[in-house]
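The values are calculated or read from the model by the stated rules, or taken from the named source; none is laboratory data. Since this is a predicted model, take the numbers as computed values, not measurements. When we count neighbours, we look across all protein chains shown, and the Cβ atoms used for this are built from the backbone with ideal geometry, even at glycine.
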Ligand SMILES: NC(=O)c1ccc[n+]([C@@H]2O[C@H](COP(=O)([O-])OP(=O)(O)OC[C@H]3O[C@@H](n4cnc5c(N)ncnc54)[C@H](OP(=O)(O)O)[C@@H]3O)[C@@H](O)[C@H]2O)c1
């Protein structure tokens, strides 16, 4: 049995599906009853209700599992505390493997959500647990989840220059990589960067979106202040907004480049391209 934390989110559901496809039994940790259906539909055999911020809940969640996949909640101010609590619970459970879902380039201090992940990595390295660390770059799904808006406006809007170059990954490839590292002793002690594409400018991303959607799409830089007011109106909290603004400023200067070599080796094939990810997600998607 493998425990998956952060199980109801977009990463968690993809990871559960991939683990189940690979023949594993999954216990999903969720903190809201309303998330039960989503993780069950993804294939979780057991569902446990509890908070990642509650040590007792975590001890119950790890009881009887052989391995754990820890997915920290997205942009959570207490990501380090959560990581420490999960590691502490795992230490009491004699796990065969602790896989940590980190991020590409956690060592960038200017981005708080990366820096917190680096600290969790450090705790894990010092925990004595048999660990594997996965470091995915930004998901293609951050873009494809906005397809209807992009199609409607004819623009792909980002709060940094359109020339900014970033490397992306398909979350389904990340999930497949997670399933591959489980249960294979040779992946213990490893840290793998999970990157699906070379560096794409935002103009190139827009071009690919345009081809897939059958309509020209322009990349357009929007002011950070405008993005901020829209996000605040949509209910995003201050920590999340401030963290993302720091990320956008970092992207503006440095981009977010990575290499697909490690993921290609792990998967035994080329990672999914943005074109193919888009085509897959457009299947069944009706452009109006
Ligand atoms: N998106 C990317 O491009 C990307 C790339 C690399 C790494 N990552 C990392 O991947 C991780 C997961 O991202 P995601 O987009 O899959 O996140 P997500 O969709 O927000 O999923 C996280 C899940 O954790 C739940 N959660 C929140 N607080 C909790 C608590 N106290 N106890 C138990 N569960 C709790 C959330 O529930 P609610 O919905 O109720 O909050 C949600 O179901 C993040 O740490 C992110 O930094 C993301």
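What number goes with the only condition from (1) over 13 Å from residue 7 (Cβ atoms); (2) more than 10 Å from the ligand (Cβ to nearest atom) that residue 43 does not pass?
Of everything listed in (1) over 13 Å from residue 7 (Cβ atoms); (2) more than 10 Å from the ligand (Cβ to nearest atom), residue 43 misses just condition (1).
Output the residues belonging to segment 119-134 that are surrounded by fewer than 21 Cβ atoms within 10 Å (Cβ to Cβ) and within 16 Å of the chain's Cα centre (by Cα).
Within segment 119-134, just 121 meets the criteria.
Would you check if there is a residue in segment 245-255 being outside any helix (DSSP H, G or I) and over 15 Å from residue 176 (Cβ atoms)?
yes
Do we find that residue 2 is more than 9 Å from the ligand (Cβ to nearest atom) and either under 20 Å from residue 74 (Cβ atoms) or modelled with pLDDT of 95 or more (or both) in this structure?
Answer is yes for this residue.
Hey, which of the helices (runs of 4 or more DSSP H) in segment 1-99, taking only ones fully inside, have at least 1 residues that are over 16 Å from the mean Cα position of the chain (by Cα), over 22 Å from residue 173 (Cα atoms) and in contact (Cβ under 8 Å) with a residue 60 or more places away in the chain?
Details: elements: 10-21, 36-42, 55-62, 79-91.
The qualifying helices (runs of 4 or more DSSP H) are 79-91.
Filter segment 103-119 down to the residues that are assigned to a loop (DSSP other than H, G, I, E, B) and in contact (Cβ under 8 Å) with a residue 40 or more places away in the chain, then identify the one that is farthest from residue 135 (Cα to Cα).
110
Just to be sure, is residue 72 surrounded by 23 or more Cβ atoms within 10 Å (Cβ to Cβ), within 13 Å of the ligand (Cβ to nearest atom) and under 30 Å from residue 242 (Cα atoms)?
The answer is yes for residue 72.
In this structure, is residue 64 out of contact with any helix residue (DSSP H, G or I) (no Cβ under 9 Å at 6 or more places or on another chain) and more than 15 Å from the ligand (Cβ to nearest atom)?
In short, yes.
Using the structure shown, decide if residue 52 is surrounded by 19 or more Cβ atoms within 10 Å (Cβ to Cβ), modelled with pLDDT of 95 or more, within 15 Å of the ligand (Cβ to nearest atom) and under 12 Å from residue 29 (Cα atoms).
Considered against the rule, which asks whether it is surrounded by 19 or more Cβ atoms within 10 Å (Cβ to Cβ), modelled with pLDDT of 95 or more, within 15 Å of the ligand (Cβ to nearest atom) and under 12 Å from residue 29 (Cα atoms), residue 52 comes out as yes.
Here is a list: 47, 20, 59. Which entry is under 25 Å from residue 121 (Cβ atoms) and surrounded by fewer than 20 Cβ atoms within 10 Å (Cβ to Cβ)?
That would be 59, the only listed residue that is under 25 Å from residue 121 (Cβ atoms) and surrounded by fewer than 20 Cβ atoms within 10 Å (Cβ to Cβ).
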